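Enquirer: Below is one structure. I have some questions about it.
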Amino acid sequence: MKRFIISLAAVALMPAFAQTANPGAKVDPKNNKVSRPVVEKPKVKLLSRDELRKCMDLSDANNVEAEAVKADQNTYKETAAALKAERDALQKADEAAGVALSEMKAEREAILKEFENIKAYAESKDPRPDREVLEARNKAYQERAKAFDARVTGINENNAKSNEARKAFGTKVDALNASFKALEERQEAHLDKVDTWKQECGNKSYDEEDEKAIKKERAAAGK
């Protein structure tokens, strides 16, 4: 009967037992000397076939779950990286919107000032305003004001889109945080099962014939 040890990495042969002195050795009545000790190898309790089957099933399940947890971890990292890039893009958009807002404020002040200048020129008594000059200045003012209004409309539309993007981003972050919590729980459950395997199966001896029989059962079941 061959005896084996189950380990996390692979199945390894049992280590040899060290020999120890026999305290119950017989005494030779002629020379009153202790005879050569007879060492008996300690009996090792073997896992039953059912116990071995359970250990093998648990090991396989743990390996499958380890791969699934690893896949979840990779998905989390990829999603987190994508959201970081999205966050950076939103921040740049906000910075650009801030610059545009400052520019529009300055443009608005300039247009209002131009309006006052044109009004003052039109109301001037001495010298009297030149009709053509007044019309040209008024036309330029109207075109500038129209362009300003169009740009304000565009900025407002972009701001609305940015607000929606930020809301969507927040939803994604919440989902990522929830997935992280679920992943932590799954990892803990997996580690608990690994600990169970270590306690019930780690460094336990078993009969090689039982292992062969279980593998034969699995093959027959298509596992």
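Enquirer: With the condition kept exactly as written, say whether any residue in region 147-162 is open to solvent by less than 90 Å² (accessible area, probe 1.4 Å), small (Gly, Ala, Ser) and within 30 Å of residue 70 (Cβ to Cβ).
Expert: The answer is no; no qualifying residue exists.
Enquirer: Quick one: would you say residue 53 is among the charged types (D, E, K, R), closer than 30 Å to residue 196 by Cα, open to solvent by 50 Å² or more (accessible area, probe 1.4 Å) and at pLDDT 95 or above? Talk me through it step by step, then tell me what you get.
Expert: Working: among the charged types (D, E, K, R): yes; closer than 30 Å to residue 196 by Cα: yes; open to solvent by 50 Å² or more (accessible area, probe 1.4 Å): yes; at pLDDT 95 or above: yes.
Yes; evaluated as a whole, the condition is true for this residue.
Enquirer: Quick one: how many residues across region 70-98 are closer than 12 Å to residue 166 by Cα, among the small types (Gly, Ala, Ser) and at pLDDT 95 or above? Before you say what the answer is, go through the steps one by one.
Expert: To start, the set of residues in region 70-98 that are closer than 12 Å to residue 166 by Cα comprises 83, 86-91, 93-94.
Checking the rest, the ones that are also among the small types (Gly, Ala, Ser) come to 89, 93.
From what's left, at pLDDT 95 or above: 89.
The total comes to 1.
Enquirer: Also: From the list 143, 185, 114, exactly one residue is open to solvent by 100 Å² or more (accessible area, probe 1.4 Å), over 30 Å from residue 70 (Cβ atoms) and in a helix (DSSP H, G or I). Which is it? Before you say what the answer is, go through the steps one by one.
Expert: On the way: 185 fails: over 30 Å from residue 70 (Cβ atoms); 114 fails: open to solvent by 100 Å² or more (accessible area, probe 1.4 Å).
Of 143, 185, 114, the one residue that is open to solvent by 100 Å² or more (accessible area, probe 1.4 Å), over 30 Å from residue 70 (Cβ atoms) and in a helix (DSSP H, G or I) is 143.
Enquirer: Right, next: Could you tell me whether residue 213 is part of a helix (DSSP H, G or I) and either under 15 Å from the mean Cα position of the chain (by Cα) or free of Cβ contacts under 8 Å to residues at least 60 places away in the same chain (or both)?
Expert: Values: part of a helix (DSSP H, G or I): yes; either under 15 Å from the mean Cα position of the chain (by Cα) or free of Cβ contacts under 8 Å to residues at least 60 places away in the same chain (or both): no.
Criteria not met by residue 213.
The values are calculated or read from the model by the stated rules, or taken from the named source; none is laboratory data. None of the values given here were measured: they were computed from a predicted structure. Backbone-built Cβ (ideal geometry, glycine too); neighbour counts: all protein chains shown. All accessible areas refer to the heavy atoms of the entire protein, side chains included, with ligands and DNA or RNA removed. Shrake-Rupley method; radii C 1.70, N 1.55, O 1.52, S 1.80 Å.
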